[in-house]
Amino acid sequence: MKLIHQNGITLNTTMKVVGAFLLGTAIGTATGLLVAPSSGSSTRKQLKKKSKKYSQEALDIASDYLDSLRKGYNKKVDSYAGNGKAAIESLKESVKL
C-alpha cells in the first residue's frame, strides 16, 4: 500500500518502517539522556561514540543497497542491449533474403 503526500512523493512500507525506527531511536535517545546515571560529559562521549557507529552502519547499509540497485540496473541494460543486437541481426538476415 502506498501513501501519497502533498508533494507527490509516495511512501512504501519499507520507508514507513525506517521512519518509525528512526523516530523510535530519537525518542529512546532522548529518554536515555534524561534518565542517564552517568555524568553529562560521560553521556556525551558515549552518545558521540554510538552516533558515529550507527551513522557508519547506516552509510554501509545505504551503500550496499545502492550497489545492489546499480547491479540490477546494469543487468537490465545489458539484457536490453543484447535483445536489441539480436533484433538488429535478425532484421539484417531478413533483409538479405
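The values are calculated or read from the model by the stated rules, or taken from the named source; none is laboratory data. Since we're looking at a predicted model, the values are computed, not measured. Don't worry about glycine lacking a Cβ; one is built from the backbone with ideal geometry, like all the others, and counts go over all protein chains shown.
Within the range 39-64, residues that are without any contact (Cβ under 8 Å) to a residue 12 or more places away in the chain and part of a helix (DSSP H, G or I) reach partners that are surrounded by 10 or more Cβ atoms within 10 Å (Cβ to Cβ) and of a type outside the set (Asp, Glu) with beta carbons closer than 6 Å, at six or more positions or on different chains, in the pairs 43/36. Taking the numbered list (1) assigned to a helix (DSSP H, G or I); (2) surrounded by 11 or more Cβ atoms within 10 Å (Cβ to Cβ); (3) not β-branched (Val, Ile, Thr) in turn, residue 36 passes all entries but (1). Consider the range 38-97 and keep the residues that are under 27 Å from the mean Cα position of the chain (by Cα) and among the acidic types (Asp, Glu). The one that is modelled with the highest pLDDT is 78.
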